[in-house]
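One structure is given here, and the rest of the page talks about it.
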Amino acid sequence: MTTTTGPHPTRRLILQGAASVALIGLGNLPFAAGPARAAANDKYPEEAFKQKSEADAIKALYGKTAEPSDKVKLDAPEIAENGGVVPVSVTTTLDKVTSISFFVAENPFALAASYKIPDGTIPGVANRLKMAKTTNVVAIVEADGKLFSATKEVKVTVGGCGG
Amino acid sequence: MASSIRVRANANGDITEVQALIQHPMDTGLVKDAKGELIPAHFIQELKFECNGKDVFVANWGTAVSKDPYVKFSFKGAKKGDDLKISWTDNKGGSDTTTAKIS
Amino acid sequence: MKARLSLLLGSLGAALVAFALAAPRVVAADKVDPAADAKAFQNFFFQKFPNVKHEDFVNGPYSMNEDMKRQWQEKEEFPPYEFALDAGKEMFATPFKNGKTYADCFPNGGIGIRQNYPYFDTKEGKVVTLELALNRCREANGEAPYSYVKDEMASLTAYMAFTSRGKPMDIKIPDDPRALAAFENGKRYFYTRRGQMNFSCASCHVQSPGERIRAEILAPALGILNAMPIYRSEWSGMGTTSRRFVTCNSQTRAVPLEPQSDEYRDVEYFLSYVANGLPISGPGARP
Amino acid sequence: MKRSCLLAILFASTVALPSAHAATEADYKAAYAAAEAASKEAAGMRNQWTVTVSALAAARKAADGGDFDRAIAAAKEAEALAKASIFQATTEKEAWKAMEIR
């Protein structure tokens, strides 16, 4: 199986070049990634993504624990059609939401994605995640400084002859 | 060259629904290639959406986000014709940016 | 080694059973009647799955399972074949070095014609698939042919399928004994058991659609090609009809034929013809 | 005690001897040729099995390494698989019609 990204295998090479140009050339513009990332709480949470267990990842990301809440609605399939692409989404009726994160408990690294929800953005997100095997998926909503969670099991079976 | 980013942003009243699909391998670093060698991790770490000079959505991703990642969210305060700027950076220093008109 | 031998014995046993089952039936040299075959083929599926809308069969396993259908519909909001489709559109519009384009090779500039492929070429006396026609177009214009299984070929056919979405499959069998022979040969290929697993195409896609084989839900044979090419999550990418045949063969432990071999062309002809009237749904997405 | 030890050694060597030394390159070549012929016949019927191809490759690999016992075993397996595929293709010439939807 090829690992190139389809019909334009050179694209990534070109993009890498463009990236360094962008960092040098656009550093003084307000939207540049550099200055925005300088804020401590706005940095890519590298440590949290390195944690193996869900509990450690939550601790590294938030420094506190979450309590289950029926105001967090987590939607994921019962049986994933393919563990490589599992549609997962979350919505919530909680107020003052500042972030939403997804953890896949049985993955090698539990934290899958973490989203910042600025003022004015609806607290809800849909994305597609990889799951190594049958696992609990945990969504955490950070609202008014507290953490609320919802958990759902997704059955993952590996491929064969089908489709 | 076509952008790595596909965006649909539709305003319905005060709420704009955004869907984005990004062409990226999102390699975990745990998978071996045909020769039995590990394919190094290569994944988008940050994806940002800005509208009218303000971040409206920021994603921090690890390797568990699917290949050619997809995300959907909604935000308030934009109208048809406004620009939505989308940019991503990956762990190897790659990046891409595009601007879409809200329709 | 032991496991292999027992598998070998198992498949031999299965072959014997199949033989025993077949033996009592006296098979006359039937007249080839494609129209009757197509009718019987469609009725079989319509009766087996009375709750599936006819036009929904082209959505493969998603027509058979509600939970999967929901995941698919979520994916379709921004489908994974989107990039291939865009690339195909761009490629289709880009002239060759000699200034000509794909549009020059096809009726109606190549737009909205997917449902007419494959067709039987009475000059050549063989079935011509869309993939074959695309590579012939390239070669006639001094360009190197593409791989039949993925990448550029899948992008081009994705775009051409997209321009034909919703149009009913419309395969013709001309009044030519060679065309009837090709249809019959495709049918034979479809029902013939092969490989160590002793499976035919029909074993999975006629007898067991909707059921799970290992993890996946089998697609019904009816309309299975209407969705081509497909983005398969299992492949992490696009594949053509050729790729589908090749992988199906390998999975049953049969050495695949070369893409666009006569048998593959004929089985595509057969499968497309019996899906006449069902809409083109390609490019598709599959687990 | 000594005697039984000796017996054991003798016994072991008689068991080991045939497999260690009886198989020659010539035996392997004969076995491989038979397997290859059957496999070609299967391929000619457009019904080669992947497992036949791998068994043939395993036979060649073992022979290259001088392990003719293993090479012969793999060649015999390949021949058996190829013959099974020929049998399958032969019976399927008519048997497929029983599967047909009519």
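All of the numbers you see were taken from the coordinates with simple rules; none came from a lab. Only a predicted model underlies this, so the values are computations on that prediction, with no experimental measurement involved. Virtual Cβ from ideal backbone geometry, glycine too; neighbours counted across all protein chains shown.
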Report summary line: Sorted by chain and then number, the residues having a modelled amide H within less than 5 Å of the amide H of C:Arg194, at least 5 places away or on another chain, are C:Phe199, C:Ser200
**Report entry** Test item: B:18-27 mean partner chain Cβ contacts at 10 Å
**Finding:** 3
Query - Spatial extent of region C:32-287: Rg and Dmax, with the Cα atoms as the point set, Å - result: 17.4, 53
Query raised in the report: Order of B:28-39, D:90-101, C:237-248 by packing, highest average Cβ count within 10 Å first?
Result: C:237-248, D:90-101, B:28-39
**Report entry** Protection proxy ranking, peptides A:133-145, A:99-111, average beta carbon neighbours within 10 Å, highest first
**Finding:** A:99-111, A:133-145
**Report entry** Gaussian network model of chain B, springs between alpha carbon atoms under 10 Å - residue of B:Ile44, B:Ile86, B:Ile15 with greatest fluctuation
**Finding:** B:Ile15
Report summary line: For chain C, averaging the sequence separation of alpha carbon pairs under 8 Å that lie six or more residues apart and dividing by its residue count, the contact order in percent is 27
Query - Where N is the number of residues in region C:193-272, Cα Rg divided by 2.2 N^0.38 Å - result: 1.04
Query raised in the report: Dipole of region D:23-95, Cα-centred, from +1 at each Lys and Arg C-beta and -1 at each Asp and Glu C-beta, to the nearest 20 debye?
Result: 180
Report summary line: Computed over chain C: longest principal axis from alpha-carbon atoms vs helix C:130-140 long axis, angle to nearest 10 degrees, is 40
Query - Mean separation of Cα contacts under 8 Å, 6 or more apart, over the residue count of region D:23-95: relative contact order % - result: 43
Query raised in the report: What is the helix-to-structure angle for C:82-93, meaning the angle in degrees between its Cα long axis and the longest Cα principal axis of chain C, kept from 0 to 90 and rounded to the nearest 10?
Result: 50
Report summary line: Neighbours of A:Ala57 by Cβ distance under 15 Å: Lys/Arg at +1, Asp/Glu at -1, summed charge -2
Query - Shielding of B:83-91 by partner chains, average beta-carbon count, 10 Å - result: 2
Report task. Give the whole-number value, in cubic angstrom per residue, of the convex hull volume spanned by the C-alpha atoms of region D:23-95. Result -> 60
Report task. Please give every one of the lysines within straight-line cross-link reach of A:Lys152, meaning a C-alpha to C-alpha distance under 17 Å, and leave out same-chain neighbours fewer than 8 residues apart. Result -> A:Lys71, A:Lys73, A:Lys130, A:Lys133
Requested in this report: Specify the residue with the greatest mean-square fluctuation among B:Asp83, B:Asp27, B:Asp14, computed from a Gaussian network of chain B linking alpha-carbon atoms under 10 Å apart.
Outcome: B:Asp14
Report task. Quick one: which residues, 5+ away or cross-chain, put their amide H under 5 Å from the amide H of B:Lys92? H built at 1.01 Å from N. Result -> B:Phe43
Query raised in the report: To the nearest 10 degrees, how steep is helix C:34-48 against the longest Cα principal axis of chain C, on a 0 to 90 scale?
Result: 70
Report task. Would you kindly derive the ³J(HN,Hα) couplings of region C:147-158 from the backbone phi angles with the Karplus curve 6.51 cos²θ - 1.76 cosθ + 1.60 (θ = phi - 60°), listing them in order in whole Hz, with x for Gly and Pro? Result -> 4, 6, 9, 7, 6, 4, 4, 5, 5, 4, 5, 4
Query - Within 10 Å of each Cβ in B:39-48, the average number of Cβ atoms from other chains - result: 2
Query raised in the report: Hey, in chain C, which Cys have no second cysteine's beta-carbon closer than 4.7 Å?
Result: C:Cys201, C:Cys204, C:Cys248
Query - Cut-off 10 Å between beta-carbons: net charge of the residues surrounding A:Glu142, Lys and Arg +1, Asp and Glu -1 - result: +3
